[in-house]
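Written out below as structure tokens is the structure these notes cover.
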Amino acid sequence: MSDRANELRRQRDLLRENLAWIEREIAAEEGRAGSPPPPLSAPALAPLPMGAPADDRDAESILAEYRTPAMSMASKTRMGCIVYFAVAMVLFVGAMLAYYFHVKASRGH
């Protein structure tokens with residue numbers, strides 16, 4: 001197996017542990033601390049063999065919530081560039097006007 005696959009599995013297991021901790025904290029806050037979800041056991045943390053069904057569907061549904069379409073990202077980037085350019089032009093014109101009026105005032109006109 002590749003190092004990347006092992007790292008991804010390790011990250012997935014860490015996320016599962018984190019979700020279990022969040023569930024326990026929510027249960028404690030709601031006063032239902034009598035039946036918190038059990039902590040992950042050692043076999044659950046072991047890497048899954050290739051071809052074994054995993055809970056990737058759950059991970060994919062979670063990731064799908066936070067994905068943004070590529071076009072949306074491109075249009076946001078383009079709009080950001082246009083806004084930065086417009087602000088830079090306003091600052092440049094303002095600096096040129098300030099310089100003009102400063103020079104005009106210093107010459108006594």
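Cβ-Cβ contacts under 9 Å between residues 6 or more apart (or on different chains), taken from a first residue in region 49-68 that is farther than 15 Å from L15 by Cβ to a second residue that is modelled with pLDDT under 80, are listed as M50/M1.
Just to be sure before I move on: is A105 closer than 30 Å to R12 by Cβ, of a type in the set (G, A, S) and not assigned by TED's automatic domain parsing to the domain that holds D13 in the structure I sent?
Working: closer than 30 Å to R12 by Cβ: no; of a type in the set (G, A, S): yes; not assigned by TED's automatic domain parsing to the domain that holds D13: yes.
It is false that A105 is closer than 30 Å to R12 by Cβ, of a type in the set (G, A, S) and not assigned by TED's automatic domain parsing to the domain that holds D13.
Exactly one residue out of A74, A95, A59 is surrounded by 10 or more Cβ atoms within 10 Å (Cβ to Cβ) and either touching a Leu at 6+ places or on another chain (Cβ under 9 Å) or not in a helix (DSSP H, G or I) (or both), and it is A59.
The values are calculated or read from the model by the stated rules, or taken from the named source; none is laboratory data. None of these values were measured; they are calculated from a predicted model. Quick reminder, even Gly has a Cβ in these numbers, built from the backbone with ideal geometry, and neighbours come from all protein chains shown.
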